[in-house]
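A quick write-up on the structure given underneath.
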Amino acid sequence: MMAHSFSFLIAMAISQVIATKPPNVLVLFADDMGINQLHISGKPYGYTGVSGAITTPHLAQFAAEGTTFMQWYSAFHVCTPSRASMMTGRLPIRVGLGDGVLTASAKGGLQTNETTMAEALGAVGYETAMFGKWHLGQREQYLPHNRGFSQYFGIPFSCDMGCSPWGRSQAVCGWNTNTPGPIPLLRGSAGSKAVVEEQPADLSTLTERYADWGSDFIKKQSAEGKPWLLYASFNHVHVTDANYGAALKPPGYSNKQFASPEFCGSSGRGGTGDAVQELDAAVGRLMAAVKAAGVDNNTIAFFTSDNGNPEYGDMLGNWPLRGYKASNWEGGIREPGIVRWPGYVAAGATSMEVATTYDIYPTVLSLAGAKIPSGVTIDGMDLSGVLLRGAKSPHKCTFHWYDSSANDDGSTSSHGLSAVRCGDMKAHFSTQKDFATEANRTKAWPVGVQDPPLLFNVSADPTETHNINPESAVYKKYITLIRNARAAHMASIIPVCSQDKEPCGGSDIKYAVCGDPDSKKKYPFHPRCTISPKTWSKKACN
């Protein structure tokens, strides 16, 4: 009874502090980073920096000052849908972005009837800013500075969605809707149209400039005493080009990443490791800015990734988890997840509670005293109890869609609601390629509809190696529970026209970002839309 009363008093005291001075919010978001690419000692699995080949001292310090979640899930296995969920607290299927990534000339984006985290926090007095990869629509009405962020600086999609000296050559510029021109770097402010600052963007200085820009925002807003949200969305560690869908041969890492000269060759895992280490340094600079501004104890910071590392990035990037980006194996959706808030969130702790990227939305809105949107389903859960009091996860089940198709037609595809986790058990109703043979695993699973579904205890068996016997009592108990949860979840889905394909979405090259449509008159030897020709002479690390 005394312990319960003590916990209640602590919770009340924390609530009073939050109500008096809402916390600043820093969301540190990596692109395609796997759980094994960070080097943080003392974790049950993963976090080895690929056996020490990659070092991440700043993220290790971040973890030492916060709580690392070993069962942190993304909402989706690729970029756009995952980011849409983080920004709205809603699964991609509910917001019309559940069918893959938007192209660099997408017609659609995150629809304006969805309330973003920035819009919700701005309504209660937060100053909001974002740098980096957005990937929720590159047309003006969908860009961050028109979706609640007062300031934006960054590349609006993945770093491979255009040509540059670091990836796809000038010769391929404009050859399709996904690579319509040189990679653009935008700057936007609320109430004004975005300006194309560079095209192609100078990737050799990009991450340093992101850190500069973010640090300046933290310093300025903290000095003014206003609560702030900074969404720090790095383009690292996405590849700039690859043989997509093909597993890398030993030693199993890609050099098709970008980095500044300072970090070229700095790791033992080629370009992919160099990118991780440069991201780590940038995180260190942002956290130093928070401390220097005197707001460390009033800033809650999250670090995670949109999805797992791909098989064309680092074959050991998600190890020991099975699978890669673009799959609902654990390697595609279980991500690094670290939360830091000195004096509130336990320091140096490791949590086995289930948490998700789309929980960030209701959690920060709750802590900020912002209103949760009414009339819509919010799939994310408020993690305040888990973070501040060590409570159990509020998640009973998590639902992992491959795409927005129903997949109830008896097809042998890997589509639809392909996996569901309830408690410790995860069922695969359909599966994607796990590249197990290429990764030298002892067990590979087939692709397609699984009948009966595969069932794993992913708390005890995160590698998804030992499926539970369908004839066992344990299997029958949990598959019934999971089937019921799956049916209830699917019944809650209200169809939304997909922004990824016709008739509501799709691509049209006329919507591609172009800093100067007549650039050929000035620079006849460079691709159309070039406004920063000197960037073409830059050299990649390798």
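The values are calculated or read from the model by the stated rules, or taken from the named source; none is laboratory data. Note that this is a predicted model, so its numbers are computed, not measured. All Cβ positions, glycine included, derive from the backbone under ideal geometry; neighbour counts span all protein chains shown.
Data overview
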| item | result |
| --- | --- |
| Residue match in the stretch 407-423 (condition: touching a His at 6+ places or on another chain (Cβ under 6 Å), assigned to a loop (DSSP other than H, G, I, E, B) and modelled with pLDDT under 95) | yes |
| Matching residues, the stretch 117-137, being buried (at least 23 other Cβ atoms within 10 Å of the Cβ), in a helix (DSSP H, G or I) and over 18 Å from the mean Cα position of the chain (by Cα) | Ala120, Leu121 |
| Scope the stretch 294-345; condition part of a helix (DSSP H, G or I) and either in contact with a Gly (Cβ under 6 Å, 6 or more places away or on another chain) or surrounded by 24 or more Cβ atoms within 10 Å (Cβ to Cβ) (or both); matching residues | Asn297, Glu330, Gly331, Gly332, Ile333 |
| Hits in the stretch 454-502 - residues which are in a helix (DSSP H, G or I), small (Gly, Ala, Ser) and either within 29 Å of Ala436 (Cα to Cα) or in contact with a helix residue (DSSP H, G or I) (Cβ under 6 Å, 6 or more places away or on another chain) (or both) | Ala473 |
| Only listed residue being under 21 Å from Pro373 (Cα atoms) and in contact (Cβ under 8 Å) with a residue 40 or more places away in the chain, chosen from Gly174, Gly181, Gly100, Gly96 | Gly96 |
| Matching residues, the stretch 138-171, being assigned to a loop (DSSP other than H, G, I, E, B), of a type in the set (Phe, Trp, Tyr) and touching a strand residue (DSSP E or B) at 6+ places or on another chain (Cβ under 7 Å) | Phe149 |
| All positions within the stretch 460-476 that are without any contact (Cβ under 8 Å) to a residue 60 or more places away in the chain, within 13 Å of Asp424 (Cα to Cα) and among the charged types (D, E, K, R) | Asp461 |
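Residue by residue, here is whether (1) crowded, with 24+ Cβ neighbours inside 10 Å; (2) under 22 Å from the mean Cα position of the chain (by Cα); (3) assigned to a loop (DSSP other than H, G, I, E, B) holds:
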{"residue": "Gly245", "(1), (2), (3)": "no, yes, yes"}
{"residue": "Pro250", "(1), (2), (3)": "no, no, yes"}
{"residue": "Asn255", "(1), (2), (3)": "no, yes, yes"}
{"residue": "Ala259", "(1), (2), (3)": "yes, yes, yes"}
{"residue": "Glu262", "(1), (2), (3)": "no, no, yes"}
{"residue": "Gly265", "(1), (2), (3)": "no, no, yes"}
{"residue": "Thr272", "(1), (2), (3)": "yes, yes, no"}
{"residue": "Ala281", "(1), (2), (3)": "no, yes, no"}
